[in-house]
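> This is the structure I have questions about; it appears just below.
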Amino acid sequence: MISQFEEEPPLGTKSTGDNRDPNVLLAFVSNLKINEGGVQHHDHLINKVTVIGGGDLGMASVMSILAKGKVDRLVFIDVAESSTKGGSMDLEIFNLPKVEVSKDLSASADSSVIVVTANAWSNEQSYVSVVQTNVDMYRGIIPGLVRLSPNTVLLIASQPVDIMAHVAWRQSGLPPSRVIGAGCNLDSERLCHVLDISLNTHKQAWVIGELSDNKVPVLSNILMGAGHQHPEIAPRSKATKPLLDRAFEMLKGRGQRSWSVGLSIADITHSILVDQRKTHSVSTLAQGWGGIGAEVFLSLPCVLGVSGSTRLAGVSLGQEEDARLRESVTSLCALISQLRI
């Protein structure tokens, strides 16, 4: 578990030099309109996505999802107190096709996917206090969003992502299959790229666990591009451990900046919209997986489709990997116990 935020958070919306009072953000969120009386529900299904949250990550998510070309309508609800800070003003100025900018949560009605990138931020708060501010902010938006889109899949990118995915699940009342966090998807795609291009190893691989120093690289039992076969995590061997360690070492120093995370969010969203049944390492309810008894969210290989997460990969971990997952479970439980969800 990271004990403090990085200078630029790996899953954050904070712009450089922006150190606004989180209480201002909470007050702003509490005043967001929910004009449910004016909601028009569509009888026909459209690929509608809503992105909640301003800043660099919100903008990166909007543009990346548009670039995938599978969304029919994209709503951007900017929770920044100023549209110039949040970026929504630029979207309004240039009037992008398919994009609606709003301050009204009812604009999100009937969304297939709702992406939440909003973060409260202050360098002057303790870590627990910052996370609690995010929890309080979620309490003001998550229940309303789910009322307006009861069949949606919530995709969480607020920090810390494993905690906030857990919070969104608890506050939404949705089944755990329809609440996922962006988690280790970006790390997993990077790991596969390094294995494939740099090391000429064409095995599917994932990074699993908590989005922290305790995350664990693992190999699959199938080759990349093997279609819809059921993925399983292959046990480490004397041959695969050095390979994974070398690939993981090559990824060190590559931060998770807004555009990278935005592209990862678009990748996950695309799999859901087109019911692709592709396996992603996303943050999901891990209780019952690999003997985990606690109610925590961790990144695990999940098959994603229009209903969210439909299947978890099987488990076969070594002692080292299992120990790191258990350590993450302990630290996540400790933080959750300090929060008022």
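The values are calculated or read from the model by the stated rules, or taken from the named source; none is laboratory data. Not measured: the values here are computed from a predicted model. No Cβ is skipped: glycine too gets one built from the backbone with ideal geometry, and neighbour counts run over all protein chains shown.
> Might you check whether a residue that is in the same structural domain as His193 (by TED's automatic domain parsing), under 25 Å from Ile114 (Cα atoms) and either not hydroxyl-bearing (Ser, Thr, Tyr) or not in a helix (DSSP H, G or I) (or both) occurs anywhere in segment 287-295?
yes
> Here are Leu317, Leu300: which of them is crowded, with 22+ Cβ neighbours inside 10 Å and either in contact (Cβ under 8 Å) with a residue 60 or more places away in the chain or over 30 Å from Val71 (Cα atoms) (or both)?
Leu300
> Go through segment 301-327 residue by residue and tally those that are small (Gly, Ala, Ser) and more than 30 Å from Leu273 (Cβ to Cβ).
3
> Let me ask something else about it. From the list Ser337, Ser309, pick out the single residue that is of a type in the set (Gly, Ala, Ser) and surrounded by 15 or more Cβ atoms within 10 Å (Cβ to Cβ).
Sole residue among the options that is of a type in the set (Gly, Ala, Ser) and surrounded by 15 or more Cβ atoms within 10 Å (Cβ to Cβ): Ser309.
> Which residue is nearest to Val153 (Cα to Cα), if the candidates are limited to segment 296-341 and must be among the polar types (S, T, N, Q) and part of a helix (DSSP H, G or I)?
For segment 296-341, the residue satisfying everything is Ser328.
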